[in-house]
Amino acid sequence: MQREVGTLPLAPALRARLAAAGFQTAQELLDTGPCGLSKEIGISREEALEVLQVVRQECHGDAARTAGGSGATRKCTALELLEEEQSQGFIITFCSALDNILGGGVQLTKITEICGAPGVGKTQLCMQLAVDVQIPECFGGVAGEAVFIDTEGSFMVDRVADIAAACVQHCHLIAEAQQEEDLRKALETFSLENILSHIYYFRCRDYTELLAQVYLLPEFLSEHSKVRLVVIDGIAFPFRHDFEDLSLRTRLLNGLAQQLIIIANDHKSAVVLTNQMTTRIGQSQSTLVPALGESWGHAATVRLIFHWDNSQRLATLYKSPSQKESTIAYHITSHGFRDVQPPAVTHSTEGTEPNPRKRPRTEEEKQ
Amino acid sequence: MDWDQFDLNPKTIAALKKADIKSVREVLNLSGADLQRLMKLSSADIQCLLKTVSLTLRRNSMLTALQLYQDKDHFTSQHQKLSLGCSVLDNLLKGGIPLVGITELAGESSAGKTQISLQLCLCVQYPYKYGGLESGAVYICTEDVFPSKRLQQLIDQQHKLRADVPAEIIRKIRFGNSIFVEQAADLDTFQQCITRRLSLLLARGMVRLVVIDSMAALFRCEFGPAQSALKARYLQTFGAQLHSLSTRFRTPIMCINQVTDAVSESEAAQCSCRVEGSRVTPALGITWSNQLLMRLMVSRVPLPRHSPGAASHCAGSMRTLHVVFAPHLPPSFCYYTVQLEGVKGIK
């Protein structure tokens, strides 16, 4: 942006005119705009537009080169990727059984999809994750912020406040049990108001607003670089009516999935989507399957299906690149998403439970 | 669409007009590559176009959860709910019916669904201070005739039901004047009613409650098992239209639904009806359940054995109101009776 006008790849006559008019940096050219530029140096509007386009391309190329390039290709070995993945944080869900089958929790840089019938707990898990992503690092969290895109209007802030208050209390108990100074210090900024102020809420009323919001997300995430979670609750609702042309819907969903993958990777955040269930009529019986069709099934990296078994809620890990398919039971209490039976542990070991990052270190020390 | 008012490059504006792109929706429906081909612009220009168009649509749309939590304004706050007129029932629902979204009230016949909805039509007319929304209600009947005699009874007894409201305020409200009754016995009439009449009444601010009695009646006769896809499409369209009206005007929509027998255990499980000992599920299936924010079920149950005192007090008319699912409520229930002055919960 601070590039000198003289270094830009323009015709020499044009450069001379710019210098004579007093322009020194590329930023000044961009600020002037096409109309101003054509008046100042006496060229036609079209030529002024072409000049500005060249300037923009050059500056864009510079920025990409200095940033190490989302556009440029990077080479790295699989070992580097493995180390990167192992050091990556997980967003815990406070249900240790679910964290275990996911391999630690909801993983950053991946898209996780939660499917289930209405009332089974998808929105509850999303609200829980929006709070858990903010847990400070010394408690085993990723200390991030959350973006919540709501298409159904099911984000009830009173419920989020209850979940946040329960999380804060849980961390206070751990800090008291462990009596460490850094834990207590971290808790000073971990309060209800603080948690609520770092959940960025967007309400999209139809699919056009959703598409527009996702186009604007990369810029928003660059401005709010601490965001580590993007929730879209739910992705199916705006796309399941209004569409006579199903191929348009497939195309839009694929485009959306691609953009979300790029966002997840570039900004190191987890993307969580919730989906509805629909009935698939087979030969002899009908089954419930996730909505939006077969091709949407490829969009998410990890797929969880929530369902009922009599009056017990179950979560099945249906698709995952690294964990095996399994089913666990969970509970939704007034504190949020929890295990079915609280693990029968004493205070001291309970302290190590939500610290998955600390565990590997002690294991290595033992070795 | 007047592209000139957008903050765009004149070259882009000219290309938009030449490609005959008339709305923001058309721009967003096309992929980046399609736009490049159609408008013959570079990819940087197209990115700029998409960002500008998206910004115009979504300017100032961000709120933090803290702002939502601290919002106390009558019209926009999430804490504002529509009271049911009884403190016990309101406690079950943590305030009342949420203002944005479709709430369903399902149950067997004569369980009390119409009684509760009539009561809501009166409650909505009270001032904000007493849990109302200071506005009228629309009651859409799809099968039975509107129970006007019962409504008159309830109006006459309002002072008895709402002992918390001063008598002058009750006297001042013209209850009958603000309840608009619509009849819609088939799908087309219903569609007309929602898209024309309802939006007009809502836009003028004359109503802030919509009761539909009942959804299932519209679909019972017209669709055989082979036309389930068509039925699903209608349900989704109605659900989306009602949802969008509810969001635009912050108006609760109460849909009354009937129940059918649950043939197998798995069917009952699918609709997540955890009502104890109940073998019924709400009609219209999972397609309709996906459109709902909150589902309530009412039933007449045998008198509870462990409270003989209550049994002698209201013999035979004890009912339960269950919260089946809601994003802010645990599955819970309470008892209530239907009396002359209306529906009253029992502690």
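Numerical summary
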quantity	calculated
Test: residue in segment B:164-176 that is closer than 20 Å to B:LEU84 by Cα and within 14 Å of chain A (Cβ to nearest Cβ)	no
Considering residues of segment B:212-241 that are farther than 23 Å from A:ALA291 by Cβ and surrounded by fewer than 19 Cβ atoms within 10 Å (Cβ to Cβ) only, the residue farthest from the other protein chains (Cβ to nearest Cβ)	B:CYS221
Of all residues making up segment A:104-118, the number that are part of a loop (DSSP other than H, G, I, E, B) and within 18 Å of the chain's Cα centre (by Cα)	5
Flag if A:LEU292 is closer than 26 Å to A:GLY119 by Cβ, surrounded by 20 or more Cβ atoms within 10 Å (Cβ to Cβ) and more than 10 Å from chain B (Cβ to nearest Cβ)	yes
B:CYS121 surrounded by 23 or more Cβ atoms within 10 Å (Cβ to Cβ) and assigned to a helix (DSSP H, G or I)	yes
Scope segment B:277-293; condition more than 9 Å from chain A (Cβ to nearest Cβ) and either modelled with pLDDT of 90 or more or assigned to a loop (DSSP other than H, G, I, E, B) (or both); matching residues	B:GLY277, B:SER278, B:ARG279, B:ALA283, B:LEU284, B:TRP288
Residue count, segment A:138-158 (criterion: away from chain B (no Cβ under 14 Å) and more than 19 Å from the chain's Cα centre (by Cα))	2
Which listed residue is in contact (Cβ under 8 Å) with a residue 40 or more places away in the chain, out of contact with any Cys (no Cβ under 8 Å at 6 or more places or on another chain) and away from chain B (no Cβ under 14 Å), from A:LEU229, A:LEU273	A:LEU273
Residue within segment B:31-53 that is at positive phi, more than 10 Å from chain A (Cβ to nearest Cβ) and more than 20 Å from the chain's Cα centre (by Cα) present	yes
Scope segment B:193-233; condition under 24 Å from A:TYR207 (Cα atoms) and modelled with pLDDT of 90 or more; matching residues	B:ILE194, B:THR195, B:ARG196, B:LEU198, B:SER199, B:LEU202, B:ALA203
From the options A:ALA143, A:ALA177, residue that is in contact with a Ser or Thr (Cβ under 8 Å, 6 or more places away or on another chain) and more than 30 Å from B:GLY239 (Cα to Cα)	A:ALA177
Residue tally, condition crowded, with 18+ Cβ neighbours inside 10 Å, part of a helix (DSSP H, G or I) and at the interface with chain B (Cβ under 7 Å from one of its Cβ atoms), over segment A:159-218	11
A:GLU244 vs. criteria more than 9 Å from chain B (Cβ to nearest Cβ) and without any contact (Cβ under 8 Å) to a residue 24 or more places away in the chain	yes
Residue ID - nearest to the other protein chains (Cβ to nearest Cβ), chosen from residues in segment A:5-19 that are free of Cβ contacts under 8 Å to residues at least 12 places away in the same chain and not β-branched (Val, Ile, Thr)	A:ALA11
Search result, residues across segment B:165-201 that are outside any helix (DSSP H, G or I) and free of Cβ contacts under 8 Å to residues at least 40 places away in the same chain	B:VAL165, B:PRO166, B:ARG174, B:ASP186
Residue within segment B:10-18 that is on the phi > 0 side of the Ramachandran plot and facing chain A (nearest Cβ under 10 Å) present	no
Test result for A:LEU260, closer than 19 Å to A:LEU125 by Cβ, assigned to a helix (DSSP H, G or I) and in contact with a helix residue (DSSP H, G or I) (Cβ under 8 Å, 6 or more places away or on another chain)	yes
Residue in segment B:142-153 that is hydroxyl-bearing (Ser, Thr, Tyr), outside any helix (DSSP H, G or I) and under 22 Å from B:GLN258 (Cα atoms) present	yes
First in segment B:79-92 and within 20 Å of A:ALA161 (Cβ to Cβ), second anywhere and among the hydroxyl-bearing types (Ser, Thr, Tyr) and not in a helix (DSSP H, G or I), Cβ under 6 Å, 6 or more apart	B:ASP90/B:SER83
Verdict on A:ILE135 being in contact with a Phe, Trp or Tyr (Cβ under 6 Å, 6 or more places away or on another chain) and more than 8 Å from every other protein chain (Cβ to nearest Cβ)	no
Options A:LEU183, A:LEU102: the member that is modelled with pLDDT of 90 or more and assigned by the TED database to the domain that holds A:PHE237	A:LEU102
Of the criteria (1) surrounded by fewer than 14 Cβ atoms within 10 Å (Cβ to Cβ); (2) at pLDDT 80 or above, which one A:GLU40 fails	(1)
Which numbered condition A:ASN254 misses (of (1) more than 10 Å from every other protein chain (Cβ to nearest Cβ); (2) out of contact with any Leu (no Cβ under 8 Å at 6 or more places or on another chain))	(1)
Qualifying positions in segment A:281-309 - free of Cβ contacts under 8 Å to residues at least 40 places away in the same chain and part of a loop (DSSP other than H, G, I, E, B)	A:GLY282, A:GLN283, A:SER284, A:GLN285, A:GLU294
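The values are calculated or read from the model by the stated rules, or taken from the named source; none is laboratory data. Fair warning: this is a prediction, and the values are worked out from it, not measured in the lab. Cβ sites come from the backbone with ideal geometry, for glycine too, and all protein chains shown count toward neighbours.
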